[in-house]
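The values are calculated or read from the model by the stated rules, or taken from the named source; none is laboratory data. If you're wondering where the values come from, they're calculated on a predicted model, not measured in any experiment. Note that each Cβ is placed from the backbone with ideal geometry, even for glycine, and that neighbours are counted across all protein chains shown.
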Amino acid sequence: MAQPFATINSAQALVFRGALLCWFQKHQRTLPWRGESDPYRILVSEIMLQQTRVAVVEERYKKFIAQFPTVERLARAREQTVLAAWSGLGYYRRARNLHAAAKQVAGGNGFPCTAQALQELPGIGRYTANAVASIAFGEQVPVVDGNVKRVLQRFSGRELGKEQYWQAAGMLLAPESPGDFNQAMMELGAVICVPGNPLCTVCPVVDLCVSRGAHAQAERAARKKAVIEYSLCLKNRSVLLQRRPQNSSLMPGMWELPPCKGKGKTVQPLMRLKHSITTTDYSVLVFAGNGRNKGQWVPLKNTERFALTGLTLKILRKLKGAAS
Ligand code: SF4
């Protein structure tokens, strides 16, 4: 197998680490989980950050930690309460796995403190285990996420194999501060070596980088478009909600407005909004419903106690905003 960094020697790796860590110290964003040493809180932030934008996670992380400040508190919570707290973050399997992991930790011998042991917990893969182990416990293990991959690809000037990314990240890792180094690599990918056009002129490792942006690609996947319709049924300040089937592949067991189809061709919607899920941008049309759908009537003031889908939360907030 070709070495991932044929072009970098150990002295250059040393310079890379120094430049990256120095830049990170000065320029890292202030985020609620920065400087955190509690493995549970680091785990919550890492799980939330998978597939959800930092700006969304920032607000939700603080609320989640206020509601479940310790792993024991999360372990004791009911699943519906956890899902309701996760509402709007999407990818609810993460919340279920986090809840199951909390139960396992609370019922066992304390928080696992190695990457290997962390991977025994439900839903925790190599990336998350290494992130928690390096940041909370100082274990010398690298992380590779989408941001780190992009940095490594451009830095080395070529596409690497899956395992080569991990080797490359491991070669560059700062052994004395692996947690800061890993966060710095991810931060570099998030704010400097960004998708599309990287900001090479302000990059701390530009002198060592092979591509300096020349290999930057428009990595943005082509986005799909779709229309989705819902019925809004209101009665005595209550709204009709339906629960998605437990065997649904998307958001099982979550609550939403009753879906409908084809009304947009003949009826004017009450509300239009945009909503994006993974690679699809939805045009959402909400119509006045007749209340004959199956479901549960929920007082509007209580809806946020339910595990709502992110889109339903958005629609109801818009509705409440319009009424206030
Ligand atoms: S110099 Fe440019 S392409 Fe290279 S790592 Fe820095 S930002 Fe990315």
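Observations, loosely collected:
- Residue identified as modelled with pLDDT of 90 or more and over 24 Å from the mean Cα position of the chain (by Cα) among A226, A174, A190, A169: A174
- Flag for E219 being within 14 Å of the ligand (Cβ to nearest atom) and at pLDDT 95 or above: no
- Pair list, Cβ under 7 Å, 6 or more apart: region 9-28 residue among the charged types (D, E, K, R), other residue modelled with pLDDT of 95 or more and part of a helix (DSSP H, G or I): R17/L172; R17/F181
Per-residue answers, yes or no, for (1) under 20 Å from A131 (Cβ atoms); (2) in the same structural domain as P175 (by TED's automatic domain parsing); (3) surrounded by 14 or more Cβ atoms within 10 Å (Cβ to Cβ):
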{"site": "W33", "(1), (2), (3)": "yes, yes, yes"}
{"site": "E36", "(1), (2), (3)": "yes, yes, yes"}
{"site": "R53", "(1), (2), (3)": "yes, yes, no"}
{"site": "E58", "(1), (2), (3)": "yes, yes, yes"}
{"site": "R78", "(1), (2), (3)": "no, yes, no"}
{"site": "L83", "(1), (2), (3)": "no, yes, yes"}
{"site": "R94", "(1), (2), (3)": "yes, yes, yes"}
{"site": "L98", "(1), (2), (3)": "yes, yes, yes"}
{"site": "P112", "(1), (2), (3)": "yes, yes, yes"}
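- Selection from region 125-144 of residues that are closer than 17 Å to W166 by Cα and outside any helix (DSSP H, G or I): G125, E139, Q140, V141, P142, V143, V144
- Residue match in region 253-265 (condition: under 24 Å from K320 (Cα atoms), away from the ligand (no atom under 16 Å from the Cβ) and of a type in the set (A, V, I, L, M)): yes
- The listed residue being in contact (Cβ under 8 Å) with a residue 40 or more places away in the chain and either touching a Gly at 6+ places or on another chain (Cβ under 7 Å) or over 24 Å from G253 (Cβ atoms) (or both), out of R94, R41: R94
- Listing of helices (runs of 4 or more DSSP H) fully contained in region 1-72 that carry 3 or more residues being more than 21 Å from the chain's Cα centre (by Cα) and at pLDDT below 95: 10-27
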